[in-house]
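Here's the structure we're looking at; comments come further down.
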Amino acid sequence: MNVYTPKNLPFWIVCCAFVIGIFGSQHFNGHLIPAVILCCVSLAVLCFLLKKINTICFLSISSLLFICLGYVRHQATSTAYLKDHIVHLKKADTPKEIVFEIEKRFKSSTNYQKFKISIHTINKQRVIGNVLLSVKKDSKLTSFHKGDSFICFATLTPLKHHHNPYSFDYTTYLKNQYITHQVQLKTTDLKQIKSLSSPFKNISNIFKKHLEVNLQKQSLAPNVIQFTSALVLGNKSELSPQLTTDFANAGVIHILAISGLHIGILYLILISLFHLLLINNLLKSALIIGVLWGFTWFSGASPSAIRAATMFCCFEFSRLLMRRQHPLNSLFISVFILLFFDPLTLFSVGFQLSVVAVASIIIGVPKLLSFWYPKNWLVRKIWEITCISTCAQLGLLPLSIYYFHQFPGLFLVANIPLMLIITIVLLCATAIITWSGLGSVPYFVTKGYDYLIANIHNYIHWVAQQKHFLVTDLYIQPITLFSTYAIIAFLLLICYKPKLIYQCSFLIILIAICTTFYEKSQSLFINELWLHHHYTNTIISEISTNQLLIYSKNPLTKNDKKHTITPINKSLHVPASYTNLKNSYTYNKHQIHIIDHKNSLPKSVQNAILIVTGSPKINLERLLCKETPKLIIATAHNYKNLVQKWKATCASHQVAFYDSSQMGSLNLTTKLLSL
């Protein structure tokens, strides 16, 4: 029997306990002092009773220690403990002088360019914090780059919760990137100043900007420029929607994100190159690690790229020390290091996909290769790529369904040809960017490269167009996600230890039955009424036992159904029925009245709920002097000045008011219970 001590404690236990602590902190906020005390007590027990406790006690106390450590580390990132953070500034409606630096470019919308910016000063006062900047597009199409610094006069507003039930929450996504506020500006509102970045970071930003600008000048197709910039420079913000959709539907979206694939290819190339140099191993390792981290940082330092760089550095240290270790150990070490420095990385979708894909490859590929190992080089490479792609896709299947609600059935058809030439494509893309940075690339070179990438795009587009093999509208709950991975873990355990089949079979069947019952029976226990956030329509959904009723003022568009209705009926596995929204309803003995510019006020609104939409001309002051509604809701389909006036009137009469444009969708069932 294994006896665990600090010297041989499996690192996966440490990492998993740390992750549990971060998850706990995310959902149970504000218990920092008890967690610190428990952490100190656990550490003291381990130190004083190290030689006197048995294996089970040691593992239990160690796990508790790292759970508390994860909780404390995540709590330390909370803005509540950062006195200079912008969340602690007094709210003001007047514009302030803001000095900031662009940290990251997001994908642009139809009308706005979007950036993550780091605030340096507000009214000459030094502050910290990140903000979502939306710059309105104009005819000049001014381009902004990472590291550019500006001064402007604007008002910061907290992030708004606009998401609809069971749909993607963009606000939470931004908060996991430490963004707490937002601001909308025009290009003319910004005055560029000298870069506020550190000298080394500034040099890197200028160099990267130089490469991006010069790449745009080459005689390459727009899609080829976007693909090359994403592949080498990590700039995915300018990718066209069609290109992104094609790569996602074909199951090769990982090509466009700098991750373990790119870092791994670079690592193998560096080992081959430095092997020819007659220098000692220490210097070789230092050069390899330096180049890996330089490329990772230069390409944007995405969580998946940092994880890959850390993991390959662990491999290099092991090679330098001539100590063999399991690749999973390096993976868990890299995950722990990354999460320790940035706990919110755990909630990055790219990071989760990267870790699961690498773990699936490490665990599954050796097992598949043990069944057949061809002698022919080409056949062996195709078989290895097939094994890697299959293991990665099967491992990512639950996460892909949970986040993207689809699964590409032709992932092998797309991956095998692409993986065979990906090294050549990466080298060509790097050469083109380097050459363009030095000057104009010859016409015949750009045409040859353009022809290569265009054919890759055409092939991926052809695969993506085979809609019959793309399974869409798949929705699962978080508990199903974890249950699926638990079943996969038990199946892997059986593969490596067949004797455990009888013990694990019962657990697998039990988990599968419980999960299926939970998924299918969710709607039996839900009774909710939602008012959805919408700028041009009034939509109410009533969720009851195995039924979803949708009431809408105007006909629902295809986009409305896709982003508002589908997440509900697919997540709860209930059919949706549609009907026109009437002026008055009774819900759980509560009167609900919809007031717009066409409807007149009902005879009585005492203890009723008023949903005001379409900027109607009503004298709310006179109404509230006569009767007191239980709740007044202003939808996003109202003029802002009217909403502010209604809000002030409700406050003076002590009537509950809800602004949908600021606070998003409203669960009326929950709201009524709180009144």
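The values are calculated or read from the model by the stated rules, or taken from the named source; none is laboratory data. All values reported here derive from a predicted model rather than from experimental measurement. Virtual Cβ from ideal backbone geometry, glycine too; neighbours counted across all protein chains shown. Ligands, DNA and RNA are stripped out before the accessible areas are found, and what is left, the full protein with its side chains, is counted by its heavy atoms. Shrake-Rupley method; radii C 1.70, N 1.55, O 1.52, S 1.80 Å.
Overview of values
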item	result
Any hit, the stretch 69-89, residues being open to solvent by less than 30 Å² (accessible area, probe 1.4 Å), closer than 23 Å to LYS175 by Cβ and touching a strand residue (DSSP E or B) at 6+ places or on another chain (Cβ under 9 Å)	yes
Cβ-Cβ under 9 Å pairs, at least 6 apart or on other chains, the stretch 10-27 side within 24 Å of THR79 (Cα to Cα), far side of a type in the set (Lys, Arg) and open to solvent by 30 Å² or more (accessible area, probe 1.4 Å)	PHE18/ARG73; GLY21/ARG73; ILE22/ARG73; SER25/ARG73
Some residue of the stretch 353-368 being in a helix (DSSP H, G or I) and charged (D, E, K, R)	yes
Condition check for ASN164: surrounded by 18 or more Cβ atoms within 10 Å (Cβ to Cβ), touching a residue at least 24 places away in the same chain (Cβ under 8 Å) and under 30 Å from GLN477 (Cβ atoms)	yes
Filtered residues of the stretch 193-205 (kept if in contact (Cβ under 8 Å) with a residue 12 or more places away in the chain and loosely packed, with under 11 Cβ neighbours inside 10 Å)	LYS194
Every pair of residues 6+ apart whose Cβ atoms lie under 9 Å, when the first sits in the stretch 602-613 and is among the small types (Gly, Ala, Ser) while the second is part of a loop (DSSP other than H, G, I, E, B) and open to solvent by less than 10 Å² (accessible area, probe 1.4 Å)	ALA608/PRO629
Selection from the stretch 230-274 of residues that are of a type in the set (Gly, Ala, Ser) and over 20 Å from VAL356 (Cα atoms)	ALA230, GLY234, SER237, SER240, SER272
Residue list for the stretch 621-661, restricted to those being among the polar types (S, T, N, Q), within 23 Å of THR586 (Cα to Cα) and in a loop (DSSP other than H, G, I, E, B)	THR628, THR635
Complete set of residues in the stretch 610-620 that are open to solvent by less than 20 Å² (accessible area, probe 1.4 Å) and either assigned to a helix (DSSP H, G or I) or basic (Lys, Arg) (or both)	LEU620
Members of the stretch 136-146 that are under 23 Å from THR171 (Cα atoms) and either modelled with pLDDT of 90 or more or not in a strand (DSSP E or B) (or both)	LYS137, LYS146
Pairs where the first residue, in the stretch 119-145, is under 17 Å from THR79 (Cα atoms) and surrounded by fewer than 13 Cβ atoms within 10 Å (Cβ to Cβ) and the second is at pLDDT below 90 and of a type in the set (D, E, K, R), C-beta under 7 Å, 6+ apart	ARG126/ASP84
Qualifying residue in the stretch 319-330 (condition: part of a helix (DSSP H, G or I) and in contact (Cβ under 8 Å) with a residue 60 or more places away in the chain)	yes
Hey, THR669 modelled with pLDDT under 90 and assigned to a helix (DSSP H, G or I) or not	yes
Unmet requirement for LEU190, which otherwise passes all of (1) out of contact with any strand residue (DSSP E or B) (no Cβ under 6 Å at 6 or more places or on another chain); (2) open to solvent by less than 50 Å² (accessible area, probe 1.4 Å); (3) at pLDDT 85 or above	(1)
Hits in the stretch 403-438 (condition: crowded, with 16+ Cβ neighbours inside 10 Å, free of Cβ contacts under 8 Å to residues at least 60 places away in the same chain and either in contact with an Asp or Glu (Cβ under 8 Å, 6 or more places away or on another chain) or more than 23 Å from GLN465 (Cα to Cα) (or both))	CYS428, TRP435
Total residues in the stretch 475-495, condition open to solvent by 50 Å² or more (accessible area, probe 1.4 Å) and touching a residue at least 40 places away in the same chain (Cβ under 8 Å)	5
Number of positions in the stretch 226-236 that are open to solvent by 10 Å² or more (accessible area, probe 1.4 Å) and closer than 19 Å to PRO303 by Cβ	4
Among (1) farther than 25 Å from GLY300 by Cβ; (2) among the β-branched types (Val, Ile, Thr); (3) open to solvent by 80 Å² or more (accessible area, probe 1.4 Å); (4) without any contact (Cβ under 8 Å) to a residue 60 or more places away in the chain - the single one THR94 does not satisfy	(4)
Only listed residue being at pLDDT 85 or above, closer than 23 Å to LEU397 by Cα and within 27 Å of the chain's Cα centre (by Cα), chosen from ILE488, ILE565	ILE488
Residue count, the stretch 439-462 (criterion: open to solvent by 90 Å² or more (accessible area, probe 1.4 Å), part of a helix (DSSP H, G or I) and of a type in the set (S, T, N, Q))	1
Residue selected from the stretch 97-118 under the condition surrounded by 14 or more Cβ atoms within 10 Å (Cβ to Cβ) and not in a strand (DSSP E or B), by the criterion modelled with the lowest pLDDT	SER108
Residues being modelled with pLDDT of 80 or more and touching a helix residue (DSSP H, G or I) at 6+ places or on another chain (Cβ under 7 Å) - total across the stretch 283-301	10
Tally, over the stretch 308-331, of residues that are buried (at least 23 other Cβ atoms within 10 Å of the Cβ) and within 16 Å of CYS16 (Cβ to Cβ)	1
The lone exception for GLN522 - which of (1) modelled with pLDDT under 80; (2) open to solvent by 70 Å² or more (accessible area, probe 1.4 Å) it fails	(2)
Qualifying residue in the stretch 385-394 (condition: open to solvent by 30 Å² or more (accessible area, probe 1.4 Å), within 22 Å of HIS461 (Cα to Cα) and either under 18 Å from the mean Cα position of the chain (by Cα) or not hydroxyl-bearing (Ser, Thr, Tyr) (or both))	no
Any pair with Cβ under 6 angstrom, 6 or more apart, that starts in the stretch 285-313 at a residue that is over 21 Å from PHE336 (Cα atoms) and hydroxyl-bearing (Ser, Thr, Tyr) and ends at one that is part of a helix (DSSP H, G or I) and open to solvent by 10 Å² or more (accessible area, probe 1.4 Å)	SER285/LEU320
Qualifying residue in the stretch 580-594 (condition: surrounded by fewer than 17 Cβ atoms within 10 Å (Cβ to Cβ), touching a strand residue (DSSP E or B) at 6+ places or on another chain (Cβ under 6 Å), among the polar types (S, T, N, Q) and part of a strand (DSSP E or B))	yes
Identity of the residue in the stretch 212-225, assigned to a helix (DSSP H, G or I) and open to solvent by less than 40 Å² (accessible area, probe 1.4 Å), that ends up farthest from THR434 (Cα to Cα)	VAL224
Qualifying residue in the stretch 72-95 (condition: over 30 Å from THR157 (Cα atoms), modelled with pLDDT under 85 and not charged (D, E, K, R))	no
